[in-house]
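Here's the structure, in structure tokens; my notes come after.
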Amino acid sequence: MAGKRFNGLNVGDKFLTPGKTITDTHVTTFVGLGGYLAPFFLDEEYAKGTVFGGRVVPGRVTVLLMGGLVEQAEIFDLDGLIAMLGLDKVRVQAPLRIGDTIKVEVEITEKRLTSKGDRGIIVHTERCFNQRGEMVAELEGTHLLKLG
């Protein structure tokens, strides 16, 4: 699928990303890079005694993985993408775990021209689901795109 610019997207359009299975390597790498220290991210035995019952992925890492899947889905034409303007209304609904396979549903919720009129703003909702159809996380993204 070729990515789209502002003129090719409409309110109500929905897209589904490819899936990604979360591995121990993903978690270990991102936890180390981010400097996370909570033992329920690092220590399986400790995590078994928590409300999670095992290691979980930091919510901020879940958001990072969602962004990668959205880019892989080629929803936005990368040459037409000017900037990400914001991530808002981020909600982590359920823990993401090693072995889960996630996909992200993207829905265009708002579209408007900028005051200059030579580019547009797209607002979209991203919902991350695991292999059981449970929503793991949700956010609202805003991007600035070239028109056509």
Q) Which one is nearest to VAL104 (Cα to Cα) among residues in the stretch 13-46 that are of a type in the set (A, V, I, L, M, F, W, C) and modelled with pLDDT of 95 or more? A) LEU16
Q.
Among the residues of the stretch 9-31, are any loosely packed, with under 13 Cβ neighbours inside 10 Å, within 17 Å of the chain's Cα centre (by Cα) and closer than 30 Å to GLY117 by Cβ?
A. yes
Q) Residues in the stretch 65-91 that are among the hydrophobic types (A, V, I, L, M, F, W, C) and loosely packed, with under 14 Cβ neighbours inside 10 Å: how many? A) 4
Q. What pairs can you find where one residue is in the stretch 66-87 and within 20 Å of GLU105 (Cβ to Cβ), the other is at pLDDT 95 or above and loosely packed, with under 13 Cβ neighbours inside 10 Å, and their Cβ atoms are less than 7 Å apart, with a gap of 6+ or different chains?
A. LEU69/PRO18; GLN72/PRO18; ALA73/PRO18
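Could you check the stretch 113-148 and list, in sequence order, the residues that are among the hydroxyl-bearing types (Ser, Thr, Tyr) and within 17 Å of the chain's Cα centre (by Cα)?
Going through the stretch 113-148, the residues among the hydroxyl-bearing types (Ser, Thr, Tyr) turn out to be 114-115, 125, 142.
Residues satisfying the conditions are THR125, THR142.
For the stretch 42-51, give me the residue count where each residue is out of contact with any helix residue (DSSP H, G or I) (no Cβ under 6 Å at 6 or more places or on another chain) and either outside any helix (DSSP H, G or I) or buried (at least 19 other Cβ atoms within 10 Å of the Cβ) (or both).
Keep residues of the stretch 42-51 that are out of contact with any helix residue (DSSP H, G or I) (no Cβ under 6 Å at 6 or more places or on another chain), which gives 42-45, 48-49, 51.
Still in the running and either outside any helix (DSSP H, G or I) or buried (at least 19 other Cβ atoms within 10 Å of the Cβ) (or both): 43, 49, 51.
Residues meeting the conditions: 3.
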Q: Kindly indicate which of GLY32, GLY54 is of a type in the set (Gly, Ala, Ser) and in contact (Cβ under 8 Å) with a residue 24 or more places away in the chain.
A: GLY54
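Out of the residues in the stretch 125-148 meeting the condition of being without any contact (Cβ under 8 Å) to a residue 24 or more places away in the chain and touching an Asp or Glu at 6+ places or on another chain (Cβ under 7 Å), tell me which one is surrounded by the most Cβ atoms within 10 Å (Cβ to Cβ).
We begin by selecting, within the stretch 125-148, every residue without any contact (Cβ under 8 Å) to a residue 24 or more places away in the chain; these are 125, 127, 132-133.
Within this subset, residues satisfying the condition of being touching an Asp or Glu at 6+ places or on another chain (Cβ under 7 Å) are 125, 127.
Details: THR125: 16, ARG127: 18.
Filtering the stretch 125-148 for residues that are without any contact (Cβ under 8 Å) to a residue 24 or more places away in the chain and touching an Asp or Glu at 6+ places or on another chain (Cβ under 7 Å), the one surrounded by the most Cβ atoms within 10 Å (Cβ to Cβ) comes out as ARG127.
The values are calculated or read from the model by the stated rules, or taken from the named source; none is laboratory data. Nothing here was measured: the structure is a model prediction, and the numbers come from that model. Ideal geometry is used to build each Cβ from the backbone, glycine not excepted, and the neighbour counts take in all protein chains shown.
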